[in-house]
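Have a look at the structure below before the remarks.
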Amino acid sequence: MTKTISCNFAGKDCSWSAESTRNDDDELMSLIKEHVIKEHKEIELNPKSIEGFKSLIKVTKRFWWWG
């Protein structure tokens with residue numbers, strides 16, 4: 001499983017995205033916070049906005065076929 005998030009999930013005109021192949025929310029939230037601080041200074045990082053970011057995370061399954 002892979003977890004992904006992108007600024008365009010939130011309706012932002014921004015091409016940034018991140019994924020965690022380790023299925024690790026903490027890793028992904030760290031990347032989100034880093035991006036918001038650098039690129040979206042208008043967004044306040046508080047418990048409400050962080051929960052909003054978490055709700056935008058998408059989980060996808062990847063299948064690998066060998067042979």
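Just so you know, in region 13-24 the residues that are part of a loop (DSSP other than H, G, I, E, B) and modelled with pLDDT of 90 or more include one that is farthest from the chain's Cα centre (by Cα), and it is 13.
Contact annotation: residue pairs with Cβ atoms under 6 Å, 6 or more positions apart or on different chains, pairing a residue in region 12-35 that is under 20 Å from residue 47 (Cβ atoms) with a partner that is of a type in the set (Ser, Thr, Tyr) and assigned to a strand (DSSP E or B), are 27/20; 28/20.
For region 1-29, enumerate the residues that are loosely packed, with under 11 Cβ neighbours inside 10 Å and within 19 Å of residue 51 (Cβ to Cβ). Steps first, answer last, please.
If we filter region 1-29 for residues that are loosely packed, with under 11 Cβ neighbours inside 10 Å, which is where we start, we get 1, 11, 13, 15, 26.
Within region 1-29, 11, 26 meet the criteria.
Within region 25-56, restricting attention to residues that are aliphatic (A, V, I, L, M) and part of a helix (DSSP H, G or I), the residue that is farthest from residue 4 (Cα to Cα) is 37.
The values are calculated or read from the model by the stated rules, or taken from the named source; none is laboratory data. Since this is a predicted model, take the numbers as computed values, not measurements. Quick reminder, even Gly has a Cβ in these numbers, built from the backbone with ideal geometry, and neighbours come from all protein chains shown.
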